[in-house]
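The values are calculated or read from the model by the stated rules, or taken from the named source; none is laboratory data. Computed from a predicted model, the values in this text were never measured in an experiment. Here Cβ is always computed from backbone atoms with ideal geometry, including for glycine, and neighbour counts include all displayed protein chains. Ligands, DNA and RNA are stripped out before the accessible areas are found, and what is left, the full protein with its side chains, is counted by its heavy atoms. Shrake-Rupley method; radii C 1.70, N 1.55, O 1.52, S 1.80 Å.
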Amino acid sequence: MAHINQIDPFDFVIFGATGDLTMRKLLPAFLRRFHAQEFTADARIVCVARSAHTPEKFRQQVRATLKEFAPETAKDSAVLERFLELVTYVALDATKPESDWTDLKTVLADPSRTRVFYLATAPGLYAPLCEALSTHGLITPLTRVVLEKPIGVDLKTATEINDGVGRFFAEDAIYRIDHYLGKEGVQNLLALRFANPVLEKLWNSDAISHVQITAAETVGVGTRGAYYDESGAMRDMVQNHLLQVLCMLAMDAPASLSADDLRNEKLKVLNALRPMTPDMVRLNVIRGQYVAGRIDEQKVCGYTEDLGRSRSSQTETFVAIRTKIRTSRWGNTPFYLRTGKRMAAKTTEIVLQLRPQVWSIFSNTPSPGRLVIRIGPEEGVSLVLATKDPGVGGFRVRNADLSMSYEQQFNIAYHDSYERLLLDAVRGNPALFIRRDEVEASWRWIEPILTSWREAQSPLEPYPAGSWGPASTRALLARDGALWHEDMLT
């Protein structure tokens with residue numbers, strides 16, 4: 001069993017505490033780490049929202065929520081009740097200057113404790129909230145602030161948010177969270193590459209013909225319809241999650257695992273992405289929107305029906321992008337990024353397709369091998385290699401799959417990504433959080449695509465729920481003589 005380094009007492013303050021993120025992710029993550037004895041009953045989780053709850057009424061709501069979203073831990077009633085003693089509630093409308101902050105200031109009376117403010121609110125409130133924290137004297141030398149995505153909706157708004165928060169917090173106290181970086185499968189990219197020299201020597205255009213990064217969901221927009229219709233797949237998934245995975249996959253070896261060394265290398269990848277001109281967007285980007293279809297033999301509605309609207313929407317629920325990284329390591333290797341809702345399967349995976357032999361001595365050479373890295377829902381690695389087909393009657397080769405599941409290999413269940421990230425913020429370890437220049441570099445690359453869509457009125461291609469996206473996505477790879485991974489398997 002891994003050794004647990006217990007954290008010193010801390011105050012963790014969540015603004016927007018009655019929201020979906022807090023109830024489904026943040027509080028269950030804290031309960032699991034409390035159960036693992038990673039922190040003690042000296043910690044305090046202070047939940048702040050506008051609703052006029054009493055602390056006890058709020059705890060009753062949290063108790064029911066934890067039984068639903070962390071049932072494996074909440075079934076231990078003694079642990080659950082001890083954890084709930086850590087949770088308190090403060091009713092406060094932090095957006096109004098006339099609001100009374102006395103209760104929150106009373107709870108946070110000890111400035112010697114590590115203090116983390118988690119802003120699970122609309123991004124437009126980040127700067128005003130930070131100003132209010134400063135005005136009421138709640139920012140100490142041991143204070144950090146965590147910002148949820150999205151950081152803005154474009155480069156201009158991202159810069160404004162960064163500037164506004166930066167007036168009150170130093171950059172090393174600002175933790176921009178991307179839960180994909182908390183996934184074990186994403187972190188394992190570092191070990192897979194840099195702890196295995198044989199793989200790192202193949203990690204370039206000489207050996208790899210193309211790379212696919214896919215984040216597919218079978219669910220629709222659910223309760224997030226209002227937010228999602230304003231953002232779309234590009235802002236919701238590509239600008240943050242997929243580009244961060246791309247950086248971890250494609251970066252050169254950092255000098256160390258320190259936060260700045262890691263983030264410096266990721267920034268180089270973002271800055272090396274081939275710029276997207278309008279012609280490049282037209283040739284290399286596909287946007288789609290799901291219509292009615294079937295998933296697991298069940299009929300499901302289209303996007304506008306899920307929104308509860310009769311009118312159409314121009315919001316994309318699917319994006320596929322072909323791009324290249326302008327470095328000597330990757331210059332000849334196309335990268336394909338793909339994400340969508342209501343897809344045929346739920347999966348987040350990376351496929352590195354190996355190049356074929358220049359000349360084969362075998363009469364029936366199978367397709368070239370590939371390395372498949374599964375980030376979720378079941379983390380693991382598969383290496384497809386050619387091997388002799390056993391038996392008599394000639395010498396034939398065929399592909400075989402060498403597969404490893406991380407959970408089976410290490411006999412553990414992987415934690416939710418927020419469990420790692422929340423306590424990294426408490427510890428003051430920013431390595432798996434995003435630096436300001438990364439956010440702005442990703443927007444700088446994404447924004448020409450959004451502008452081209454808007455100005456050229458790029459059409460939305462419909463795709464039936466339960467499929468792998470618009471039919472044209474196959475042609476995107478066919479130009480390079482490639483197939484999507486699911487097509488390789490058929």
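Here are the criteria: (1) at pLDDT 85 or above; (2) surrounded by fewer than 16 Cβ atoms within 10 Å (Cβ to Cβ); (3) of a type outside the set (A, V, I, L, M). Tell me which single one T339 does not satisfy.
It is condition (2) that T339 fails.
Restricting attention to the range 287-299, does a residue exist that is within 21 Å of the chain's Cα centre (by Cα) and under 23 Å from A441 (Cβ atoms)?
Yes, that holds for at least one residue.
Restricting attention to the range 436-478, report how many residues are farther than 16 Å from T317 by Cβ, in contact (Cβ under 8 Å) with a residue 60 or more places away in the chain and outside any helix (DSSP H, G or I).
Matching residues across the range 436-478 total 0.
Yes/no per residue for (1) basic (K, R); (2) closer than 30 Å to N271 by Cβ; (3) modelled with pLDDT under 95:
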position	(1), (2), (3)
G393	no, no, yes
R396	yes, no, yes
M404	no, no, yes
Q408	no, no, yes
Y414	no, no, yes
S417	no, yes, yes
P430	no, yes, no
W443	no, yes, no
I449	no, yes, no
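Got a sec? Which strands (runs of 3 or more DSSP E) wholly within the range 247-304 have at least 2 residues that are crowded, with 21+ Cβ neighbours inside 10 Å and modelled with pLDDT of 95 or more?
Those strands (runs of 3 or more DSSP E) span 285-291.
Would you check which residues across the range 480-490 are among the charged types (D, E, K, R) and without any contact (Cβ under 8 Å) to a residue 60 or more places away in the chain and list them?
Listed by number, the list holds a single entry, D487.
Does the range 306-318 contain at least one residue that is open to solvent by less than 10 Å² (accessible area, probe 1.4 Å), touching a helix residue (DSSP H, G or I) at 6+ places or on another chain (Cβ under 7 Å) and part of a helix (DSSP H, G or I)?
Within the range 306-318, none of the residues are open to solvent by less than 10 Å² (accessible area, probe 1.4 Å), touching a helix residue (DSSP H, G or I) at 6+ places or on another chain (Cβ under 7 Å) and part of a helix (DSSP H, G or I).
If I ask for residues that are exposed (fewer than 12 other Cβ atoms within 10 Å of the Cβ) and under 21 Å from P71 (Cβ atoms), which ones from the range 406-427 would you list?
If the condition is that a residue be exposed (fewer than 12 other Cβ atoms within 10 Å of the Cβ) and under 21 Å from P71 (Cβ atoms), then A413 is the only one that fits.
Quick one: L129 ticks every box in (1) farther than 30 Å from D261 by Cβ; (2) open to solvent by 30 Å² or more (accessible area, probe 1.4 Å) bar one, so which box is it?
Of (1) farther than 30 Å from D261 by Cβ; (2) open to solvent by 30 Å² or more (accessible area, probe 1.4 Å), only one is false for L129: (2).
Across the range 361-397, what is the number of residues that are within 18 Å of E486 (Cα to Cα) and open to solvent by 50 Å² or more (accessible area, probe 1.4 Å)?
6
Given the criterion among the hydroxyl-bearing types (S, T, Y) and surrounded by fewer than 17 Cβ atoms within 10 Å (Cβ to Cβ), identify the matching residue among T140, T121.
T140
Go through the range 261-286 and give me each residue that's of a type outside the set (S, T, N, Q) and farther than 16 Å from E447 by Cα.
D261, L262, R263, E265, K266, L267, K268, V269, L283
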